[in-house]
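Below: the structure, in C-alpha cells.
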Amino acid sequence: MAIRIGNGYDVHRLENGLRLVLCGVRIDHSKGCVAHSDGDVAIHALCDAILGALALGDIGRHFPDTSDEFKGIDSTLLLKRVCAMMNDKGYRIGNCDITIAAQKPKLAPYIEEMRKKLAETTGSDMGDISVKATTTEKLGFTGREEGIEAYASVILVGKE
C-alpha cells in the first residue's frame with residue numbers, strides 16, 4: 001500500500017468587522033481573516049498538506065490570489081478540488097491532524113462541528129479527522145490577536 005505524508009501551514013491577518021471561518025465553520029468573533037478567499041487558514045493548511053503529499057506544489061499554484069475566480073470563494077470548494085486531485089492520483093486521506101493557533105476566540109465549542117464539516121468535505125470518516133486549538137500564551141502576532149495560523153499534517157493512503 002502506498003503511503004504519502006504532507007504538512008501544511010497558513011496564516012492570515014485579523015481585522016475587525018470581517019467574518020471568521022475555520023474548517024468551513026462560521027465562528028462568532030469580532031475579527032475575521034483578511035484574505036482573497038474566505039481566509040479559512042485551517043482549510044488552506046490542509047490543502048497545502050494534501051498537495052505537498054502528492055508533490056503538486058502549494059495552494060497558491062492552483063488557486064492564485066490574483067485570480068478573480070477565487071475572490072471571496074468558500075474554501076471548502078478549494079478543498080473539494082484538492083481532494084479531486086488526490087482521488088485522481090489514486091489516494092484517500094488516511095488521517096489528518098490540524099492545529100489552529102488563535103488567542104481568541106475560544107474554539108473548543110466548535111471543534112466537533114469542524115471535524116464533521118471536514119469529514120463531509122473530504123469524504124473521510126470523522127474518526128480520521130483531528131482538529132485542535134491552542135493559544136500562544138499572548139506571545140507573538142497571534143498572541144497580540146493580529147493574526148491566526150494553522151498547521152496541518154496528513155497521511156494519504158493508496159486506494160486498493
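Filtering region 54-72 to residues that are touching a helix residue (DSSP H, G or I) at 6+ places or on another chain (Cβ under 6 Å) and of a type in the set (Val, Ile, Thr) leaves only ILE59. Can we say ASP97 is under 22 Å from ALA55 (Cα atoms), open to solvent by less than 80 Å² (accessible area, probe 1.4 Å) and at pLDDT 95 or above? Considered against the rule, which asks whether it is under 22 Å from ALA55 (Cα atoms), open to solvent by less than 80 Å² (accessible area, probe 1.4 Å) and at pLDDT 95 or above, ASP97 comes out as yes.
The residue list ASP74, ASP48, ASP128 contains one member that is of a type in the set (Asp, Glu) and touching a residue at least 60 places away in the same chain (Cβ under 8 Å), which is ASP48.
Across region 95-144, which residue is farthest from the chain's Cα centre (by Cα) among those that are over 15 Å from VAL21 (Cβ atoms) and among the β-branched types (Val, Ile, Thr)? Ranking the candidates gives THR136 first.
In region 80-90 there is no residue matching the filter, namely being touching a residue at least 12 places away in the same chain (Cβ under 8 Å), open to solvent by less than 40 Å² (accessible area, probe 1.4 Å), under 20 Å from TYR151 (Cα atoms) and outside any helix (DSSP H, G or I).
Scanning region 114-139 for residues that are open to solvent by less than 40 Å² (accessible area, probe 1.4 Å), under 17 Å from LYS80 (Cβ atoms), outside any strand (DSSP E or B) and in contact with a Ser or Thr (Cβ under 8 Å, 6 or more places away or on another chain) returns LEU118, THR121. In this structure, SER30 does not qualify as among the polar types (S, T, N, Q), open to solvent by less than 30 Å² (accessible area, probe 1.4 Å) and either at pLDDT below 95 or within 22 Å of TYR110 (Cβ to Cβ) (or both).
For THR142, the conditions (1) under 15 Å from VAL41 (Cβ atoms); (2) among the hydroxyl-bearing types (Ser, Thr, Tyr); (3) open to solvent by 10 Å² or more (accessible area, probe 1.4 Å) are fulfilled apart from (3).
Residue by residue, here is whether (1) surrounded by fewer than 16 Cβ atoms within 10 Å (Cβ to Cβ); (2) of a type outside the set (A, V, I, L, M, F, W, C); (3) part of a loop (DSSP other than H, G, I, E, B) holds:
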{"position": "GLY39", "(1), (2), (3)": "no, yes, yes"}
{"position": "ALA42", "(1), (2), (3)": "no, no, no"}
{"position": "CYS47", "(1), (2), (3)": "no, no, no"}
{"position": "LEU51", "(1), (2), (3)": "no, no, no"}
{"position": "ALA55", "(1), (2), (3)": "yes, no, yes"}
{"position": "GLY60", "(1), (2), (3)": "yes, yes, no"}
{"position": "ASP65", "(1), (2), (3)": "yes, yes, yes"}
{"position": "GLU69", "(1), (2), (3)": "yes, yes, no"}
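Can you confirm whether SER75 is open to solvent by 20 Å² or more (accessible area, probe 1.4 Å) and of a type outside the set (Phe, Trp, Tyr)? So SER75 does not fit the description; no.
Say we look at region 145-160 and pick out the residues that are over 18 Å from GLY52 (Cβ atoms) and acidic (Asp, Glu); which of these is surrounded by the most Cβ atoms within 10 Å (Cβ to Cβ)? Top of the filtered list is GLU145.
The values are calculated or read from the model by the stated rules, or taken from the named source; none is laboratory data. Computed from a prediction, not measured in an experiment: that's the story for all the values here. Virtual Cβ from ideal backbone geometry, glycine too; neighbours counted across all protein chains shown. Please note that ligands, DNA and RNA were not included when accessible areas were found on the heavy atoms of the full protein model with its side chains. Shrake-Rupley method; radii C 1.70, N 1.55, O 1.52, S 1.80 Å.
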